[in-house]
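Only the coordinates and a few stated rules stand behind these numbers; no lab work does. Computed from a predicted model, the values in this text were never measured in an experiment. Positions of Cβ are backbone-derived with ideal geometry, glycine not excepted, and every protein chain shown enters the neighbour counts.
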Amino acid sequence: MGGALFLAATMDLKIAVLPGDYIGPEVMAASLPVLEAALKRAGHTLSYSTHDVGGAGIDNHGKALPDSTLAACRAADAILFGSVGGPKWEKLPPAEQPERGSLLPLRKAFTLFANVRPGFMPAALSASSPLKAERIPNGIDMVCIRELTGGLYFGRPKSTTTLADGDIEAIDTMVYRKSEIERITDVAIATARARSKRILSVDKANVLECSVLWRKVVTERVKALAPDIEVTHMYVDNAAMQLTLNPAKIDVMLTENMFGDILSDEMAAVCGSLGMMSSASLGDVKNRYGKPFGLYEPAGGSAPDIAGQDKANPCAQILSAALMLRHSFGLNAEADAIEAAVRKTIADGIRTGDIAFGGPSVGTKAMGAAILARL
Ligand code: NAD
């Protein structure tokens, strides 16, 4: 029956909403109606519960990731995260501070090994980029996929030793396993499939053993699982240059932990405003729909300088919700609709202060409402 078919095609998305601190709750409040409307149009439903995290977790429950918040995340299909931290908690020991005390345990609990960061700057915002407008006539639209749990940051041995001759030696170790490279390549393949079917893999295979393995495994994995996808390789020093010389040529950029740490920030800088930058961390854990469990959040912080003034740009949070639909639920059409509504709002000249360049601007709530109206 038609009714039964319709029901089978609909989904009930269950998400944990963690607004966090300062602008976190403001941009989250603007994003949820957009998310709900995008789902409702397609017949899906959203069930969510809201929980304290970061400074709010410390104030109300004594720690940045309260047990009740973690339990709610475990019961959900994905986490929509705001941002945490701020001056109120800066004097706490580092491990107890809002960002470290919440994001690190969440990464661990859900083995979040892949960081997906879109570099999104519509042509209408080319003035927000430090690059000359003629270099980016159509704006920037790329995705950086960074391996998050391996490489130089976590490899052992890691030590600082005073040697017999009195000199001091520090050691970090870069380690990658084939299996780690394969699973991050799979994320790049899934991302490239929904885009232009091109992957640019960045390494330093002329110097590093890990990069030689990286290049081999990426090549073999794509050949075996996705022969329709074109993979090219580039040394990291060249990639750093190409990001500023010709960012429009890059579509999906795949790289290891440290290179990705640096290149994704460079990408954010060429795209201009932090208020537009979304991100996702994807894990090994699968949700009820067999898709990666993920944590979705704006790339920026809690912006205490503008909090409570209805000034924050909600686009990063709204675009993070779109990323969630894409990666954790496979709802590409609904994600496309949200992204198109954000583009249209900006093209119509409706902007928060950070992307208005001295022109007229609206507040967080009005920006959210304008995006909702354009869905
Ligand atoms: P920030 O990203 O909060 O702010 C940097 C600048 O960008 C500020 O001028 C801010 O007003 C602006 N900005 C950021 N998001 C914006 C938005 N949506 N709209 C308009 N303008 C925006 O960085 P910060 O000031 O260095 O850090 C503030 C706090 O956030 C710190 O406690 C830091 O630890 C924390 N932080 C948290 C996360 C996270 O939750 N994942 C990430 C980074 C920083």
Toy charge model, Lys and Arg Cβ at +1, Asp and Glu Cβ at -1: the chain dipole around Cα centroid in debye, rounded to 20, equals 1020
Note, ALA75: beta-carbon cut-off 15 Å, +1 each Lys/Arg, -1 each Asp/Glu, net +1
In whole Hz, the Karplus estimates of ³J(HN,Hα) for the stretch 184-201 (6.51, -1.76, 1.60; θ = phi - 60°; x where Gly or Pro) are 6, 4, 4, 5, 5, 4, 4, 5, 5, 4, 7, 10, 9, 6, 10, 10, 9, 9
Check: C-alpha center the stretch 57-121 vs C-alpha center the stretch 311-375, spacing in Å is 24
Note, the stretch 204-219: 3J(HN,Hα) by Karplus (6.51, -1.76, 1.60, θ = phi - 60°), whole Hz, Gly/Pro = x, goes 9, 6, 7, 10, 9, 4, 4, 6, 5, 5, 3, 4, 5, 5, 4, 4
Restricted to the chain, the DSSP antiparallel beta bridge percent, nearest 5, is 45
Between the alpha carbon centres of the stretch 208-224 and the stretch 140-187 the gap in Å comes to 16
Residues of the stretch 158-200 with backbone N under 16 Å of the label point set 7 Å from the Cα of VAL207 along Cα→Cβ are 172-175
Within the set GLY86, GLY62, GLY119, GNM on the chain using Cα springs under 10 Å gives the largest fluctuation to GLY62
Over 21 Å (Cα to Cα) among LYS178/LYS223; LYS197/LYS249; LYS108/LYS286; LYS158/LYS216 -> LYS158/LYS216
Answer in debye to the nearest 20: the dipole magnitude of the stretch 130-271 about its Cα centre, from +1 Lys/Arg and -1 Asp/Glu charges placed on Cβ, is 620
Full extension between ASP67 and THR244 adds, at 0.36 nm per residue less the Cα distance, a length in nm of 59.4 nm
Residue-ordered couplings for the stretch 362-372, obtained by feeding phi - 60° into the Karplus form 6.51 cos²θ - 1.76 cosθ + 1.60 and rounding to whole Hz (Gly and Pro as x), are 10, x, 4, 5, 5, 5, x, 5, 5, 5, 4
As straight-line cross-link partners of LYS365, the qualifying lysines (C-alpha separation under 24 Å, not fewer than 8 residues apart within one chain) are LYS40, LYS311, LYS344
Taking the dipole of the stretch 97-178 about the Cα centre (Lys, Arg +1; Asp, Glu -1; charges at Cβ), the one of GLY150, PHE110, ALA170 that reaches farthest to the positive side is PHE110
